[in-house]
Amino acid sequence: MGSIKVKVLFTGLCAFVPQKSIYNKYGDNEQLIQVIMPDATMTYDHRPVLLVPAYNCIFSAQPSFPLTTAPDYYATGKPVNAFFLKEVDLAFFGQNVPVQFEKVDTVLSTQLCPTQSDTSFDWISKMGTVGAGEIDSRVLESYPPASVLARFRLTGGTLATYSFLSYSGTNERDKVGKWQFLRGSRVAGQARAIAEVSALEFYVEPNGNDWGLEFKFWGSGKKSLLLKEEDVTLWVVNVPLPNLLGYGIGAVESPQLHFEHFYELAMTSTGYLPWLVGDCGAGGLTGPKCPTVLFDPNAKVK
């Protein structure tokens, strides 16, 4: 069989941390981006979870739990296996897993609203432009602090915006919101759309049936998840467990609350938070209303 197309969709409390300046501390030049899933202290604690179509799994550790009815944002209508990612690193393995990312921009798009075809990574919120360009190096250590629940190592592919944070009006599932980052009366940049679900896409060549994900539990060895030789879409989410099980929990999902936790990963922060100021008049998918962010790959790590 030829190459397999893999799409990984990220949503919830997920921070992309490019490692241009720090991957050498691990002695591994393929660790190009680390996805950090921080802890939350909201009314409902978030849980980082890997969602895999049940029919794709060949062999793995026992799933944390099966979901016979997948969350609505998963949009497959088929059962999935859910794996809790508490204190675990994840990495892909197989033949010819890509080791080079396409460009990851840190400059905000000049557009206020996306066009229908604009799925670039430009729409993800750049922490360097909203008050937190430097990340605390402790979250990248072999044994990170308790504020980090799990990490996912990305070694190559194309990053893009998959869907946008919705407008919380009457037809919230039909509108893309336009957000302004504010701290008191201070404003950071122009009002604009914000990415809610980010997508990583790449191709991998299986070595026989040997391809999939490797779970590296901090301090307790590793195990593997083998997948079938076919195209697959996976989700990595960090959302409240009630949402994962299909129960809405209302106001605690606000982007303002989520960004507070991203700022906690930084060494210094001016604490700009997003506030809805209108809509773009465009349609878009919606997930659990948790925007992902990007820390500046050129920023220093302290």
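Worth pointing out:
- Förster-model FRET efficiency, 51 Å R0, Leu112 and Lys86, C-beta, rounded to 0.05: 0.85
- Alpha-carbon centroids, region 133-166 and region 255-280: separation in whole Å: 16 Å
- Violating pairs (Cα-Cα greater than 25 angstrom) within the set Lys126/Lys178; Lys126/Lys216; Lys126/Lys223; Lys78/Lys228; Lys86/Lys222; Lys7/Lys228: Lys126/Lys216; Lys126/Lys223
- A Förster radius of 22 Å, combined with the Cβ-Cβ distance separating Ser224 from Asn96, puts the computed FRET efficiency at roughly 0.80.
- Computed from backbone phi, the HN-Hα couplings of region 132-137 come to 8, x, 10, 9, 5, 4 Hz, rounded to whole numbers (Karplus: 6.51 cos²θ - 1.76 cosθ + 1.60, θ = phi - 60°; Gly and Pro given as x).
Laboratory data are not the source of any read-out in this text; all were calculated from the coordinates shown. Just so it is clear, the model here is predicted, and its values are computed rather than measured. Glycine also receives a Cβ, built like all others from the backbone with ideal geometry; neighbour counts cover every protein chain displayed.
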